[in-house]
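This report concerns only the one structure given below.
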């Protein structure tokens, strides 16, 4: 079997490629920036860009199993993901594990179309819907806010999130790619607890040895901040959509899926921060 891992410079993809290569699997790590792929173990590296279908040809050569994740901030993911699924099937791929987002049954309709297309494609499939990444606090879009001591966000003071470590997502993806038990499944993946922003900033404060606060702001304030930081308008609207999802409770439930599949508890935020910040 040859495994194609799309997004190998990202949090999930890099961990998955490392886990697969660590087992001696034939891994092809794919990214628009192959120089940015820093994965331990022997693997092939290939340039891959959803917006450039010519790059798909080399990436799909000889591949039997694929980990697929949407491009961050893609304004029209259905226009890239659907034809890629068709191209993968035509190239002889057998299985796709597709990572989308928690709450997709109630939101993010454009990604629902991609899920539905995969289900109807005739390929073996598993769909993973993870919650918010813990890595957002240490090297993602919230990392600078954490360092400044203030997370200003229109999430609603009463919202709760079941943050997940992306290494757990990668672990489940590896099982789905290598074994048959998860075939045809659609799994919501979360961490072990649902935290309020007050609880979350308390853990961040303790881990960093300072004070990290949460401040509720309006959508307009946050939109202006994001636009001033140079984000494209469609990406800003996507992030505002996520904030609305928080206020509606789309990301607060906790599942035992990670524990059931991996045979161990999911990583919690406190333990993750202790490991990352020390």
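Okay, here's what the table says:
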quantity: Fewest-first ranking of 45, 147, 220, 174, using other Cβ atoms within 10 Å as the exposure measure; calculated: 220, 147, 45, 174
quantity: Computed [θ] at 222 nm, deg cm²/dmol, the chain (DSSP H ≥ 4; -39,500 (n - 2.57); rounded to nearest 500); calculated: -12500 deg cm²/dmol
quantity: Cα-based shape type of segment 184-245, given that a ≥ b ≥ c are square roots of the gyration tensor eigenvalues and the cut on a/c is 1.5; calculated: oblate
quantity: Most fluctuating residue given options 90, 114, 176, as computed from a GNM of the chain linking Cα atoms under 10 Å; calculated: 90
quantity: The chain: antiparallel DSSP beta bridges as a percent of all, rounded to 5; calculated: 5 percent
quantity: Which of 69, 37 has the fewest Cβ neighbours within 10 Å, and the rest in rising order; calculated: 37, 69
quantity: Order of 78, 180, 168 under a 10 Å beta carbon neighbour criterion, fewest first; calculated: 180, 78, 168
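All of the numbers you see were taken from the coordinates with simple rules; none came from a lab. On a predicted model such as this, the values are computed, not experimentally measured, just so you know. When we count neighbours, we look across all protein chains shown, and the Cβ atoms used for this are built from the backbone with ideal geometry, even at glycine.
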